[in-house]
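**Student:** Sharing a structure with you now.
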Amino acid sequence: MPLRPDGHAETKIIAVANQKGGVGKTTTAINLAASLALAGKTVVLVDLDPQCNATTGLGVEPDDQGTSMYEVILRQARLETAIVETSVSGLDLVPSSPDLSSADVELSGRDGPALALRSALAGLGRLDPPPDFVFIDCPPALNMLTVNALAASDSVLVPLQCEYYALEGLSRLILTIRQIRENLNPELRVQGVVLSMHDRRIRLSRQVEKDARENLGTLVYETVIPRNVRLSEAPSFGLPVSRYDAKSTGNIAYQRLAKEFLEGFRMIRAAGSGKQGPGTGPSGG
């Protein structure tokens, strides 16, 4: 992992993606990003979903922002002009806009439509200092916005809900990742799979976890995210769960996930190769 002149690792860009909605994707993007910021890392969360859930979940109203990811990805504004601070020190946000729903069509008529976000994220190099991590909250679809996110990212973090057919839905995303690697981004890999909405009391949750670990091995994080009322309530107050209820089981789980996430990066640096830690293999599935 290359180092910046200040001795810190270069910015790592992680897409949080799953084409299925309601799997805890935005919840994971917000709360893992917030947990890393609380651990002393600098993080930017890019909301690439026209539903704007990550934006409102961090207390930002899309209509109040003059510049959003819509203008950034269409190259009408520079990334750094769209960044806003959140209530969590060390965590900034690039807000979404409902206008992003038309970006697929608008990008299709331009040169290099799948690389627009990669070009926009070059603005990270103009930040002083650049952030440690950038998380991209993708739409719940394998559309042009998600393709842009995968083409611009170093890795993909996949939230997987503990429900029936969960692994079958994952197979299509893995196929898309392989296609992106072959055609647009050969360095893309799967960072890891996060089991979400887990309830140990329910047999199905336990069975999905067992199947996921048997099929995906070390790609699956040891930390699982439980079903938790506080996690569900926090977005309505515009807060990550760490600020809404730090003692909740949901927050404790995301704090553990952040530690495991960082340990994976430390193992990569120590080994000097991509063969240790969850999701660090070159093929990623």
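The values are calculated or read from the model by the stated rules, or taken from the named source; none is laboratory data. Quantities reported herein were computed from a predicted structural model and do not represent experimental measurements. Cβ placement follows ideal geometry from the backbone for every residue including glycine, while neighbour counts extend to all protein chains displayed. Please note that ligands, DNA and RNA were not included when accessible areas were found on the heavy atoms of the full protein model with its side chains. Shrake-Rupley method; radii C 1.70, N 1.55, O 1.52, S 1.80 Å.
**Student:** Using label points projected 7 Å from each Cα along Cα→Cβ, tell me how many nm separate SER171 and SER119, to one decimal.
**Tutor:** Simple spin-label model gives 3.7 nm for this pair.
**Student:** Would you work out if the stretch 105-256 is rounded, prolate or oblate? Take a ≥ b ≥ c from the square roots of the eigenvalues of the alpha-carbon gyration tensor; rounded if a/c is under 1.5, else prolate when a/b is larger than b/c, oblate otherwise. Don't skip to the end; give the middle numbers.
**Tutor:** Numbers: a/c = 2.12, a/b = 1.39, b/c = 1.53.
Here the stretch 105-256 falls in the oblate category.
**Student:** Anyone know which of ASP154, ASP128, ASP104 comes out most mobile in the 10 Å Cα GNM of the chain?
**Tutor:** Of ASP154, ASP128, ASP104, the most mobile in the Gaussian network model is ASP128.
**Student:** Next question. I'd like the distance separating the alpha-carbon centroids of the stretch 88-125 and the stretch 40-60, in whole Å.
**Tutor:** Rounded to whole Å, the Cα centres lie 13 Å apart.
**Student:** Classify the stretch 1-127 as rounded, prolate or oblate, taking a ≥ b ≥ c as the square roots of the eigenvalues of its Cα gyration tensor: rounded when a/c is under 1.5, otherwise prolate if a/b is larger than b/c and oblate if not.
**Tutor:** Oblate.
**Student:** Give me the 1.4 Å probe accessible area per residue for the chain, excluding ligands and nucleic acids, in Å².
**Tutor:** Normalised by residue count, the accessible surface of the chain is 44 Å².
**Student:** Counting Lys +1, Arg +1, Asp -1, Glu -1, what net charge surrounds GLU71 among other residues with beta carbon under 15 Å of its beta carbon? Show your work: numbers first, answer last.
**Tutor:** Details: positive: ARG75, ARG78, ARG110; negative: ASP47, ASP63, ASP64, GLU80, ASP99, GLU106.
So the environment of GLU71 carries a net charge of -3.
**Student:** Hey, can you rank 252-263, 29-40, 164-175, 74-85 by average C-beta count inside 10 Å, highest first? Don't jump to the answer; show the numbers that get you there.
**Tutor:** Details: 252-263: 19.8, 29-40: 24.6, 164-175: 14.8, 74-85: 16.2.
Going from most to least packed, we get 29-40, 252-263, 74-85, 164-175.
**Student:** Carbon and sulfur: what percent of the chain's accessible surface (1.4 Å probe)?
**Tutor:** On the way: 6210 of 12580 Å².
In the chain, the share of accessible area belonging to carbon and sulfur is 49 percent.
**Student:** Also: How would the stretch 102-177 be classified by its alpha-carbon gyration tensor: rounded, prolate or oblate, with rounded meaning a/c under 1.5 and the a/b versus b/c comparison settling the rest? Show your work: numbers first, answer last.
**Tutor:** Working: a/c = 2.79, a/b = 1.39, b/c = 2.01.
Because a/c hits 1.5 or more and a/b fails to exceed b/c, the stretch 102-177 counts as oblate.
**Student:** Over the alpha-carbon set of the stretch 83-141, work out the extent along each principal axis and list the three values in angstrom, largest first.
**Tutor:** Cα spread of the stretch 83-141 along its principal axes, largest to smallest: 38, 23, 17 Å.
**Student:** Report the paramagnetic label zone for SER89: residues of the stretch 96-137 whose backbone N is under 19 Å from a point 7 Å from Cα along the Cα-to-Cβ axis.
**Tutor:** Only 128-133 pass the distance filter.
**Student:** Which residue fluctuates most in the GNM of the chain (Cα springs below 10 Å): THR27, THR249, THR146?
**Tutor:** THR249
**Student:** Looking at the stretch 211-250, which trypsin sites (Lys or Arg not before Pro) are in a loop (DSSP not H, G, I, E or B) and have at most 11 other Cβ atoms within 10 Å? Spell out each step's value before the answer.
**Tutor:** Working: sites: ARG213, ARG227, ARG230, ARG243, LYS247; in loops: ARG227, LYS247.
Passing sites in the stretch 211-250 are LYS247.
**Student:** Test of the criteria: in the stretch 90-169, which trypsin sites (Lys or Arg not before Pro) are in a DSSP loop and have at most 12 other Cβ atoms within 10 angstrom of their Cβ? Write down the numbers at each step before the final one.
**Tutor:** Working: sites: ARG110, ARG118, ARG126; in loops: ARG110.
Counting only loop positions with at most 12 other Cβ atoms within 10 Å, the trypsin sites (Lys or Arg not before Pro) in the stretch 90-169 are ARG110.
**Student:** Follow-up. Sort all Cα-Cα distances of the chain into consecutive 5 angstrom bins from zero, then give the percent of pairs in each bin up to the one containing the longest distance.
**Tutor:** Values per bin, smallest distances first: 1, 6, 13, 18, 20, 18, 14, 7, 2, 0, 0.
**Student:** If each residue of separation counts as 0.36 nm, what is the full-extension length gain between LYS247 and ARG78 once their alpha-carbon separation is subtracted? Before the final figure, lay out the partial values.
**Tutor:** Working: separation 169, 0.36 × 169 = 60.84 nm, distance 3.85 nm.
Gain in length upon complete extension: 57.0 nm.
**Student:** Once amide H atoms are placed 1.01 Å from N in the peptide plane, what residues at a sequence separation of 5 or more from VAL46, or on another chain, have their amide H within under 5 Å of its amide H?
**Tutor:** It is VAL94, PHE135, ILE136, ASP137, by chain and number.
**Student:** Could you calculate the FRET efficiency of ASN183 with PHE237 from 1/(1 + (r/R0)^6), where r is the beta carbon distance between them and R0 is 45 Å, rounded to 0.05?
**Tutor:** Values: r = 42 Å, r/R0 = 0.93.
The pair ASN183/PHE237 has a calculated efficiency of 0.60.
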